[in-house]
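Notes for the one structure printed next.
The values are calculated or read from the model by the stated rules, or taken from the named source; none is laboratory data. The model shown is predicted, which means the values in this text are computed figures rather than measured ones. All Cβ positions, glycine included, derive from the backbone under ideal geometry; neighbour counts span all protein chains shown.
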Amino acid sequence: MVLDQIQHEVHIAAPVERVWRLLTEPEHVRPREGNSTLVEFTLTPQDGGTRVRVVEREFRALDMSPDEQAAHARDNLPGWTGGFAGLVEHAQRAVA
């Protein structure tokens, strides 16, 4: 069965404005080629920092077999965990 969405959340000890810039400004973003899914970020002020929630969806719409879609969804969750570790480090270093 193909998951049609995965999600991950993290708290970053940096203001929403800083985190937003890191997620949206071209010098901080690496575009990816090929099949793509819909990725939605929600930033919420929390405890003097920012709660970041990412939801990636539409894996079933990818131009690949159902087994490949399922593997893609499974493989992407650890990628968000690792990617968020870098985001947390960069955002917090910038405000320190």
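Quick one: in segment 73-89, of everything that is touching a residue at least 24 places away in the same chain (Cβ under 8 Å) and more than 18 Å from Gly48 (Cβ to Cβ), which residue is surrounded by the most Cβ atoms within 10 Å (Cβ to Cβ)?
This residue is Ala73.
Return the residue satisfying two criteria in turn: it lies in segment 38-72 and is surrounded by 13 or more Cβ atoms within 10 Å (Cβ to Cβ), among the charged types (D, E, K, R) and modelled with pLDDT under 95, and of such residues it is farthest from Val16 (Cα to Cα).
Glu68
Which residues, taken from segment 27-43, are within 29 Å of Gln69 (Cβ to Cβ) and assigned to a helix (DSSP H, G or I)?
Selection gives His28 alone.
I want to confirm something. Restricting to segment 1-20 and keeping residues that are part of a helix (DSSP H, G or I) and aliphatic (A, V, I, L, M), which single residue is nearest to Leu62 (Cα to Cα)?
Here the residue is Val19.
Going through segment 87-96 one residue at a time, which ones are of a type in the set (Gly, Ala, Ser), in a helix (DSSP H, G or I) and at pLDDT below 85?
Passing the criteria: only Ala94.
Could you check segment 1-60 and list, in sequence order, the residues that are touching a residue at least 60 places away in the same chain (Cβ under 8 Å), among the β-branched types (Val, Ile, Thr) and under 13 Å from Leu87 (Cα atoms)?
Within segment 1-60, Val10, Ile12, Val19 meet the criteria.
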